[in-house]
Amino acid sequence: MMPVTMPMGRCVARLGIVAVLMGLAIGTASARIGAGPGGATGLGSGPGGNRSAGRALAVQLLGSASLPPGSQSLPKTPTRSLAVPQQTVASGDLIDLKAYFLVPMGATSCRTFVETHPPLGTIATESGSGGGPGVPTLLSMTFSLAHLPAFAQVADLEYSLQGAPDQRAYLRLDAQVVWRPVRRPGTLIPRSDRVAIAEIRGSGGGPGLEPRILQIRGLSLAKLISAVNSEPTFAPGLVGCGLVNQQANINFFPLGPTSVPNASIQVEVNCAAFQLKTPVGAVELQSQPTVRLLTTIFRAA
């Protein structure tokens, strides 16, 4: 297995075959299935609300799949190669519903059919192939839900194809949904805090250089607290970072710099998430609005 970098600006850790990006035609689907046979793998644990909603979304996503007319449902995996998903999201909060089919055309023809009849409400995000000496050729496609509900971080429908006898193909479908953990009230920074102190490293500096210390007060502090408190949770295991050139540790104080901090955040520029620590514990949060605001505050100081 080797890492695959997600397109479309999504910072999601994936494991699977090499992805080959290509432009796929988006049209109106013609033949669709119900939820079909399959099993659910809920690898994470947590609040039932988001997890239950995530499973319902996976059922809906699997039911939106388009298939060539004459496709036959199969009760279990037809080959060893299709026994596992060709790509999977590296998160403990993943739900994966699967289904198997025998389609009345070759793998390449089936891929063309799906490209021109994509699942409703999705956009094509990946296409790939894999194989080699002694290893059957597999074709794959991924369609992602165009508009994610608030409780979901990832909602993908993946097609995996392998050739079958008589110019037909075996198909594995995976509806993969990563649900966001519910944010507890105790993971909010009090709006009454008076000051935040940032210790900033990087941004052109090298290792060993003294950090820059910055106090954040007034309107800037109010905007920062509001941004952090508004961020949705980020599912464990999905933190993807680009080249990190600036890091900041920020402590929030209820009374002043000499009081005991009641919250802290650790932010790295170009990371999809950051960690907030409060007395009730730590939580991973989505980072883009907060990082953009901090970049503005740092530049203005």
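Each reported figure results from applying straightforward, stated rules to the coordinates on display, with no laboratory input. These numbers come from a predicted model, not from an experiment. For neighbour counting, all protein chains shown are included, and Cβ atoms are generated from backbone atoms with ideal geometry for every residue, glycine included.
Summary of computed values
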read-out	value
Gained length - Ala150 relative to Ser259, 0.36 nm times residue gap less alpha-carbon distance	35.6 nm
Whole-Hz couplings from phi, Karplus 6.51/-1.76/1.60, listed for region 161-173; x for Gly and Pro	10, 9, x, 10, x, 6, 6, 10, 8, 8, 10, 10, 10
Length added when fully stretched, Thr116-Ser230, from 0.36 nm per residue minus Cα-Cα	37.2 nm
Under 13 Å, Cβ to Cβ, from Ile197 - net charge with Lys/Arg +1 and Asp/Glu -1	+1
Radius 15 Å from Cβ of Phe252, net charge of other residues (Lys, Arg +1; Asp, Glu -1)	+2
Within straight-line cross-link reach of Lys76, aspartates and glutamates at Cα separation under 14 Å, skipping those fewer than 8 residues along the same chain	Asp174
Cross-link reach list, lysines versus Lys277, counting only Cα pairs under 30 Å and skipping chain neighbours closer than eight places	Lys223
Neighbourhood net charge (13 Å Cβ-Cβ; Lys/Arg +1, Asp/Glu -1) for Ala53	+2
